[in-house]
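The values are calculated or read from the model by the stated rules, or taken from the named source; none is laboratory data. For clarity, every value in this text was computed on a predicted model and none was experimentally measured. Every residue, glycine among them, receives a Cβ derived from its backbone with ideal geometry; neighbour counts consider all protein chains shown. The accessibility values were calculated without ligands, DNA or RNA, using every heavy atom of the protein model including side chains. Shrake-Rupley method; radii C 1.70, N 1.55, O 1.52, S 1.80 Å.
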Amino acid sequence: MGVNDRWSPSSWVPDIDWNLGPRFWNTVRENWYLGFTSFGGPPVHFKIFRDKFVNKLQWIDEQVYQELFSVCQAFSGPGSTKMHYCINLIHDGFLPAMLAFFIWSLPGALGMFGLAIGVSNIGETLPRAVYALLSGLNAATVGIIALAGVQLAQKAITDKLTRLLVFLGAAAGLLYNALWYFPLLMLIAGIITVVYDFRWLHGPVKWLVSLTKKAMGNRRRERQPEAEQGEELEMPQQQKPAPPGEAAAAQSSIARTASVKSHHSNATRQRLPVTNQDTENDDHNESQDENQGQDQESRVVPHERRLKIGWKAGLLLIVLFLLSFAAIMALRGALPRENNPLLYRLFSNMYLAGTIIFGGGPVVIPLLREYVVSEGWVSPRDFLIGLAIIQGFPGPNFNFAVYLGALTAFNGGLSPAAGAVLGYLGIFLPGLVTVHGTMGVWGAIRRWRWVKSALRGVNAAAVGLIYTAVYRLWQIGWIDEGFQKGTSLADDPWWVVVTATSYVGGCWFGVSPPVACIFGAILGLVRYGVVQGQGL
């Protein structure tokens, strides 16, 4: 048994007899700093998880990582948060995974809550230096996300088809944006890879090609003069075929010569003594096999963590969630507006957003704008301030809901802390519950051939959609007092240079995302100083 055994649903439910202390400590030791240092949003988070949990710690292998990436991107909710939860779930079980989730999300959530308190006490405009700092953060973040997209694409591309799907996913995401659109693109990509891998269209295509060639050949013969059709071209003397007898004799002679050479070669090889080099190579190979076996054995889930949940329990969990979702939405629509408390409307809107968001962080921003700003709960300016800050903030982008929940409650004369907690629960609960149930079902179907094939396409399309996040943020990354709703970073070469610096620093010089974000903010302040010095 190896790494794949950890995927078994048997390791996902806690047992009261477990010794949770060591596993809780293991979770804290390996996750404590991620909530403070994981800048750059979901695309960068995926790369961080791969470097840490696949390459360094080897909690999961590359195949499981790619499957997790596809599953977390293909279903609703916060993509990187679900992946972090699932990795800890597979390795240590349910309760440590919940602890890892809080370690991962709470630092950013508390930071966004503090930001909401600060924004609620500022005037109509901010100092231009603050706008410059926020724009520098956005520009650096664009470079980080672009680099993460390139590196993830290198892993997702396994052949020409997946290369094409990455490109088409990115192109389609740039051309149009809607809630139903992203999951549809990934579904189509999965169907394409299944059709291609199972060669369902190979037969019809070959028949059409042969039919076309046959038709073209008939046309050539019809155009050819009858006189030329009857002529026979003489072959050159050196190309004339030999008589059958001579050809057979020549082939027999060649075969006898090859047989003699092969016999002498085998005999010589048998007489050669076994050298020390050969012995060392054999010992080295045996040692490698033994080490690999020990490594695989160390990654087997202990017996006490197995058995408790299967695909039926996972399916039941999904059904119960859907029923709760239907009840919350029905109550939201049935209550009159005057009798519908603001905090309940806030929670139901966040619960709805967390349920129907496909594509993770890049999609949550416009949707939350629709559910909060359009309701009149938060002003457009305050929304954009939070948007700029969350791009340079560590942890999940879904923490933006904490900021919006706190501002909504404050503007409604209620406790900001209550709004922050309801925003936090509403946006995260749907994704975590559904992914836990999905993993139960996934453990039963992941070995099916068509499922593996479909995941290849879903994975490629999901990576392509990362470039959509790059483009969307690029288009609104520059903020100033004259355009508080944001404008394109391309309008000023300085921000283009900041983006390129962030990309090159991470790609060629190993600059970490936190350092790149801080450097981008500093460059934003430098631009402000230069502009102010010139009196512009």
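A few notes on this one:
- Split the accessible area of segment 415-490 by element, probe 1.4 Å, and carbon with sulfur accounts for 68%.
- By average C-beta atoms within 10 angstrom, highest first, the peptides 209-217, 183-191, 422-430: 422-430, 183-191, 209-217
- Pairs from 52/155; 47/82; 155/452; 82/155 whose Cα-Cα separation, in the structure shown, is over 18 Å: 82/155
- In Hz, Karplus ³J(HN,Hα) per residue of segment 80-92 (6.51, -1.76, 1.60; θ = phi - 60°; x = Gly, Pro): 5, 5, 5, 5, 4, 4, 5, 4, 5, 5, 5, 7, 10
- Integer Hz, Karplus 6.51/-1.76/1.60 couplings in order for segment 330-336, x for Gly and Pro: 5, 5, 4, x, 7, 6, x
- Under a 5 Å amide H cut-off, with hydrogens placed 1.01 Å from N, residue 486 pairs with 480 among residues at least 5 apart or on other chains.
- Amide H contacts of residue 38 (H built 1.01 Å from N, in plane; Pro and chain starts excluded): 395 sit under 5 Å, all sequence-distant by 5 or more or on other chains.
- Under-5 Å amide H pairs with residue 335, H placed in peptide plane, nonlocal only: none
- Karplus-based coupling profile of segment 519-534, in residue order and whole Hz: 5, x, 4, 5, 5, x, 5, 4, 4, 4, x, 5, 5, 5, x, 8, with θ = phi - 60° in 6.51 cos²θ - 1.76 cosθ + 1.60 and x standing for Gly or Pro.
- Three-way shape label, segment 458-536, alpha-carbon gyration tensor, a/c 1.5: oblate
- Loop-located chymotrypsin sites (Phe, Trp or Tyr not before Pro) in segment 156-223 (DSSP state not H, G, I, E or B) with no more than 12 neighbouring Cβ atoms inside 10 Å: 176, 180, 198, 200.
- Among the chymotrypsin sites (Phe, Trp or Tyr not before Pro) in segment 505-536, those placed in a DSSP loop whose Cβ has at most 12 other Cβ atoms within 10 Å are 509.
- Per-residue SASA remark: residue 518, around 100 Å² accessible (1.4 Å probe; ligands, DNA and RNA not included).
- Low-density loop cleavage sites - trypsin sites (Lys or Arg not before Pro) in segment 397-493, where at most 14 other Cβ are within 10 Å (DSSP): 447
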